[in-house]
1. Taking the condition of being buried (at least 18 other Cβ atoms within 10 Å of the Cβ), at the interface with chain C (Cβ under 8 Å from one of its Cβ atoms), part of a helix (DSSP H, G or I) and touching a Leu at 6+ places or on another chain (Cβ under 8 Å), how many residues in the range B:44-79 meet it?
2. Do we have C:A406 as assigned to a helix (DSSP H, G or I), touching a helix residue (DSSP H, G or I) at 6+ places or on another chain (Cβ under 9 Å) and within 9 Å of another protein chain (Cβ to nearest Cβ) here?
3. Surrounded by fewer than 24 Cβ atoms within 10 Å (Cβ to Cβ) and among the hydrophobic types (A, V, I, L, M, F, W, C): which single residue out of C:L28, C:L36, C:L82 fits that description?
4. For B:I35, work out the one condition from (1) part of a helix (DSSP H, G or I); (2) touching a residue at least 40 places away in the same chain (Cβ under 8 Å); (3) within 9 Å of another protein chain (Cβ to nearest Cβ) it doesn't fulfil.
5. Let me confirm something: among A:A282, A:A271, which residue is assigned by TED's automatic domain parsing to the domain that holds A:P41, assigned to a helix (DSSP H, G or I), in contact (Cβ under 8 Å) with a residue 12 or more places away in the chain and surrounded by fewer than 18 Cβ atoms within 10 Å (Cβ to Cβ)?
6. If we keep just the residues of the range A:81-98 that are out of contact with any Asp or Glu (no Cβ under 7 Å at 6 or more places or on another chain) and buried (at least 24 other Cβ atoms within 10 Å of the Cβ), which is farthest from the other protein chains (Cβ to nearest Cβ)?
7. Of everything in the range C:388-429, what is touching a Ser or Thr at 6+ places or on another chain (Cβ under 7 Å) and farther than 30 Å from A:I39 by Cβ? Give them in sequence order.
8. Does the range B:107-130 hold any residues that are more than 10 Å from every other protein chain (Cβ to nearest Cβ) and in a helix (DSSP H, G or I), and which are they?
Amino acid sequence: MNNKVTASIAALGLLATAPMAALADAHATWQPDRPINIIVPWSAGGSTDQVTRVVAPILAEALGTDVVVVNQPGASGSIGTKAALDAPRDGYTWTANAVANNATYAVTGLVENTSIEDYEIYLSVANVPVVSVNADSEYTDFAQLLEAMKGSGVTIGTAGVNSSGGMAMAAIGEAAEGELGARMVTYDGGAPAVMAAASGEVVATTQLAVEQTEMIRAGRLRALTVLSDQALEIEGIDAIPPITDFMPDFPVASDYFGILIPTGAPDEVYATVEAIWNDKIANSPELKAYAKDRGAVFAPSAGAAALEKAMPVIEAEACARVTRGEAVVDPSEFGITCAAE
Amino acid sequence: MRLDSARADRITAVVLIAMGLVMLWAGYTMDRLEIRRIHPSSIPGLVPMMLGVGICICAVFLFLGARDPDDPPPAASWRNMLIAGVWSGLFALLMVGNLPFYAATAIYVAGFVIIFDTGLPPVKRAVIGCVFGILAAGIIGALFRYAFLVRLP
Amino acid sequence: MTGFANFGAALWELATFTTLFHVTWATLLGIFVGSLPGLTATMGVALLTTLTYTMDRDAAILVLLCMYVGAIYGGSRSAILLNIPGTPASAATALDGFPLAQQGRAGYAMGLATAGSAFGTLIGIILLVMLAPPLAEAALKFGSYEFFWLALFGIVISGQLTGGSSPLKGYIAGMLGLMVAMVGSDGIHSHVRLTGGWGELNGGIGLIPAMVGAFGFAEVLSVMWQSVPQMANGKSKGSSLPALVDLWRYRLTIVRSGVIGTLVGIIPGVGEDIGAWASYAAARRKSPERDQFGKGSTEGLTAAETGNSAVVPGALIPALTLAVPGSAPAAVLIAALFIHGIRPGPMIMLEAPTFIYSVAAMMVFATIAIGVFGVALTPLFIQVLRIPRAWLMPVVFTLCVIGPYALTQRIFDIWVMVAFGIIGFLMRQMNYPVAPLVLGIILGDLLDKSLRRGLILSDGDVTAFFTRPISAGFAIIIATSIILSIGPVRRFVAARNPFTRKARG
């Protein structure tokens, strides 16, 4: 019975390939003959998974083949990433992630001998962390919370040191120039960490906006600030003030999410995907709606332009690991230079 | 030979105590991650240490309470088990990944039938075994390849 | 009661030919996925999500729900017939289902499991309709301290239930499972533990390959070991339609298991497997024929199957109302809902007030489908038992190899499967139950993380684990059941308890 579904999808795919012919002119168009796997190295339902599952059907339609999202979570995303790198470089195995992660797996020693050079990258959205507290808590603006964080009573829920929330908390600590007494409490992912703040188990959370919008909308969390240099506007919520209002020197680097295709496949693979990206994803109403609804920044770009956009966050994350003593390989080996301590 | 005797339990108890001690030691010497300034009661070695102690306590009770079973041993064929185990192991560990999945499965299933279906005359057994092997490989492979979109090894 | 009125309207709206068609194929596929060892409900739902991109919203969600319900139910088929749980949810089902099949009552056992699953899902659906918003709120009271006790509770109870005359061996098996779960990157600091520098182990030892090995490959070895194979009896006679008398006799068990399963489902992060064990434990405690549990008790089988199926609607309660998955397949379902433009979360009752009732109605259709297929397919499934072992076992083993591989596509997982097969076989030979080992692997991560997270929250203060009411209750129950399982204590208490004396006398 399942064949029927596959067949009907294949039929739709064939229809969708027709406009493709007009699309690629300079390069030979790549026409995949079997399903493409996108390995999401995080569990289903997380921020990477969410955005990948919005993008995948658009790509499937444009490429005329099934695009299967495979979740391979574990060890901060390094298991799935390694699997994607070890797969045959034929253009049929992709991965998806916050691109700064892929650039720093070698720095932390989680995956050996890899850098951002191993991929062509296709960015879809930028995500920003938001500092929120439980709706019943006494803190009404970020300055109060920051003062309290210097003491010892505050607990902050994140998805771990390597997660966006953990990096955000570390960045706040560094910008505050002093020991933070606040304790980081690690959860399995962004969603459970946000839940813990909403239920009052922890005082605050520093996870991504996309993971918090539901709880903020429902009035269970109070958003205090967004780690960006401009206010965050999400439908149905008051604008969230930027952290630069409270800490003017806070270093801001947008965290880009997207799809990464390991290098080594025929050139037309990358050219075709780039053309689809610029034509379809960059104009996708689904992705725009997702970004607007969840508080992400709609930021599609592909190829060299994408790498250029992502470089600041890659550098920031790689160097933060050096500062915190987590680096086992010097980032300069991968062409990332950090300011001297 | 039977593995549910009092002697087997005592040997297991000693092995478990050794494992528990290794676990305790591994947990104790495990990196405390001071450099990352983690909370001292959240060190990664905490639960391994507790499990090490726990398994040692259980093993002591196991050693003290070891009794021989009352019922007679069931009729068993260790030879069949070993042959089946080794042939299956060969298939899973060597053939899959080195041979195409269809070929590996067909050889394995056919081999299994030929070795164990002793009720049939040899020639007939070989023919039926091969046919069944090829059929089984084709059906299982196609099921996973086309219905579940798995890339076969 | 507007809830039920909405529910009725949703049912009426769904009763179309298209619905019927989708329910039929999706449930059948679900039963199929569930009954193949290694393929789980989570995988089935994730896989279908990619295939439903192009369908319209309601059809897509209907298909995914049918897959979920069908897969949880389908796991009971291989548990009963082959003693290999098709999904982790059916490990408790195998305890009584397989002995029944050995006695030549496979058809009867499958019929009973079908009825149990159907009733379990229905009870869960009723609770979903009645209680969704308030229950979701209550589940939030489960914090790190409670999760720690819940994990410990699971190990202790399953060790005790499956250890038979020697709970000690059950506890040891459970602890070995916990030790296995310690391998790999830890859940709090991502520190890699106990891998001996072996990179493949960084992500830990996979539950599915370990389970398929410990049940599947170990079963293949055991069957080949026996001179007279103790496989399920193929000459199964008698109707697969369970005698109505039996169902009426177990009405209390069914209702209790359904409620327990639903409640377990509501708690985020614990799924069908725990639901089955908790219902099984409760049924055994209350049953007058508790000696039969583990030897082919029809009541135990009913409890386990009702319990795991009731988790499904239960898990959807927090998934829909809080966007917090109550189980792993529910997590994938949330992602799928989002793709189709439904935003699960606290706002859903405002934004799409009838959606919960549509979901409930869709699950009613899935339930009817498993009932029909359960009865219709039983003769076909029974045929599996007539295949000689020399033919059946290599096919089973091939599925054990390819099933876990299909999930992650790692050859390493096949090695894990083989290793656990050998461990599982040795454990069986030495009279250790295998189920607590698997439960230990499932719960080890939760236990470890909750304990350390709780200690960070309380700033190292251990008393925080005893002072909250739910925590204190768990602690007392666990301590009592461990003390009571010590031989001399048990005999002492039994001798002085007038109730048990009367029952024995």
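The values are calculated or read from the model by the stated rules, or taken from the named source; none is laboratory data. The shown structure was predicted, so the numbers you read here are calculated from the model rather than taken from an experiment. With ideal geometry, Cβ positions are generated from the backbone for all residues, glycine too; neighbour counts draw on all protein chains shown.
1. Matching residues across the range B:44-79 total 8.
2. yes
3. Only one candidate passes the filter, namely C:L28.
4. Failing condition for B:I35: (2).
5. Values: A:A271 fails: surrounded by fewer than 18 Cβ atoms within 10 Å (Cβ to Cβ).
Going through A:A282, A:A271 in turn, the sole match is A:A282.
6. My answer is A:N97.
7. Kept after step one, since they are touching a Ser or Thr at 6+ places or on another chain (Cβ under 7 Å), are these residues of the range C:388-429: C:397-398, C:425, C:428.
The answer is C:F425, C:R428.
8. If we filter the range B:107-130 for residues that are more than 10 Å from every other protein chain (Cβ to nearest Cβ), which is where we start, we get B:107, B:121-124, B:126-127, B:130.
If the condition is that a residue be more than 10 Å from every other protein chain (Cβ to nearest Cβ) and in a helix (DSSP H, G or I), then B:I107, B:P122, B:V123, B:K124, B:A126, B:V127, B:C130 are the ones that fit.
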